[in-house]
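Data first, discussion second: the structure below is written as structure tokens.
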Amino acid sequence: MSDLQITPQELKQRLEHGEKFLLVDVREQWEYDLCRLQGATLVPLKTLPANLPIVEGAAEVICYCHHGIRSLDAASWLRKQGIEGARSLAGGIERWSREVDPQVSRY
């Protein structure tokens with residue numbers, strides 16, 4: 001599972017190249033309301049098992065949260081469910097804001 005994480009810079013390049021993957025925000029609704037990455041689907045971590053059908057059809061899933069802890073748990077769990085293309089945004093939206101897009105609010 002050495003490829004379980006993706007850096008903000010790698011994600012930015014993939015988005016810029018129009019690559020196809022499912023971007024999943026595993027934070028809570030109130031966090032999603034504060035700030036989010038464009039195109040993300042909100043599936044709070046605690047609801048991920050019930051919402052597995054949302055991600056099952058995707059060849060690749062990139063999860064993110066605030067600092068990258070919940071998304072790492074989500075990506076690891078998804079891989080155990082057979083979704084080999086599940087990954088986590090290293091450092092979460094906080095790192096994304098610091099390194100890629102300072103317009104994304106930090107909290």
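The values are calculated or read from the model by the stated rules, or taken from the named source; none is laboratory data. All values reported here derive from a predicted model rather than from experimental measurement. Note that we place each Cβ from the backbone using ideal geometry, even for glycine, and neighbour counts take in every protein chain shown.
Quick rundown of the values:
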read-out: Ala58 vs. criteria farther than 26 Å from Pro102 by Cβ, crowded, with 21+ Cβ neighbours inside 10 Å and aliphatic (A, V, I, L, M); value: no
read-out: Of all residues making up the stretch 52-89, the number that are over 12 Å from the mean Cα position of the chain (by Cα) and at positive phi; value: 1
read-out: Extreme residue, surrounded by the most Cβ atoms within 10 Å (Cβ to Cβ), among residues of the stretch 35-54 that are modelled with pLDDT of 95 or more and among the β-branched types (Val, Ile, Thr); value: Val43
read-out: Some residue of the stretch 76-87 being more than 23 Å from Tyr107 (Cβ to Cβ), small (Gly, Ala, Ser), crowded, with 18+ Cβ neighbours inside 10 Å and touching a helix residue (DSSP H, G or I) at 6+ places or on another chain (Cβ under 8 Å); value: yes
